[in-house]
Amino acid sequence: MEVIHKIGRRKTAVARVYLSPGKGNITVNKRTFDNYFSTDTLKYKVKQPLALTNNEDNFDININVSGGGITGQAEAIRLALSRAMCEVDAENRTTLKPEGLLTRDPRMVERKKFGQKKARKKFQFSKR
């Protein structure tokens, strides 16, 4: 098996995941997984597709992620890993799809409009 390359996106974060057979080492932007993601919630989010498909120790994963915040990056990585797990074995799709891990979340930040303070908030109106 050769290297599997998949892309995941969330808000403005873009994650590129390279999956190769190995012992379960995960590197994110040339740093260790535990060093990059500090909280247990983010670690759980990233490892969720691996745990559901029982592949936590079967692959070495190299991840390049850019843009957005740390939570958006974690969710982008989760989507890319889910897509990669489906390519490894087509039966993984039946376990990942009901959990909602193969759905790209389309919600983005609404742009600021001119003549307003923010996207929806207006400047204070003065009658007199």
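Filter the stretch 11-60 down to residues that are of a type in the set (Phe, Trp, Tyr), closer than 18 Å to Thr95 by Cβ and within 17 Å of the chain's Cα centre (by Cα), then give me how many there are.
Applying the first criterion (of a type in the set (Phe, Trp, Tyr)) to the stretch 11-60 yields 18, 33, 36-37, 44, 59.
With the extra rule that they be closer than 18 Å to Thr95 by Cβ, the set shrinks to 44, 59.
With within 17 Å of the chain's Cα centre (by Cα) added as a condition, the list becomes 44.
Total satisfying the criteria: 1.
Residue under question is Ser66, and the condition is that it be among the hydroxyl-bearing types (Ser, Thr, Tyr) and closer than 14 Å to Gly8 by Cα; does it hold? Lay out the reasoning, then the answer.
Details: among the hydroxyl-bearing types (Ser, Thr, Tyr): yes; closer than 14 Å to Gly8 by Cα: yes.
Considered against the rule, which asks whether it is among the hydroxyl-bearing types (Ser, Thr, Tyr) and closer than 14 Å to Gly8 by Cα, Ser66 comes out as yes.
Could you check the stretch 67-78 and list, in sequence order, the residues that are within 18 Å of Asn35 (Cβ to Cβ) and touching a strand residue (DSSP E or B) at 6+ places or on another chain (Cβ under 6 Å)?
Our first condition is that a residue be within 18 Å of Asn35 (Cβ to Cβ); within the stretch 67-78, this holds for 69-71, 73-74, 77.
If the condition is that a residue be within 18 Å of Asn35 (Cβ to Cβ) and touching a strand residue (DSSP E or B) at 6+ places or on another chain (Cβ under 6 Å), then Gln73, Ile77 are the ones that fit.
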Within the stretch 1-17, of all residues that are among the hydrophobic types (A, V, I, L, M, F, W, C) and outside any strand (DSSP E or B), the one surrounded by the fewest Cβ atoms within 10 Å (Cβ to Cβ) is Met1
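No value in this document is a laboratory result; all are computed from the given coordinates. Remember, it's a predicted structure, so these values are computed and weren't measured experimentally. Here Cβ is always computed from backbone atoms with ideal geometry, including for glycine, and neighbour counts include all displayed protein chains.
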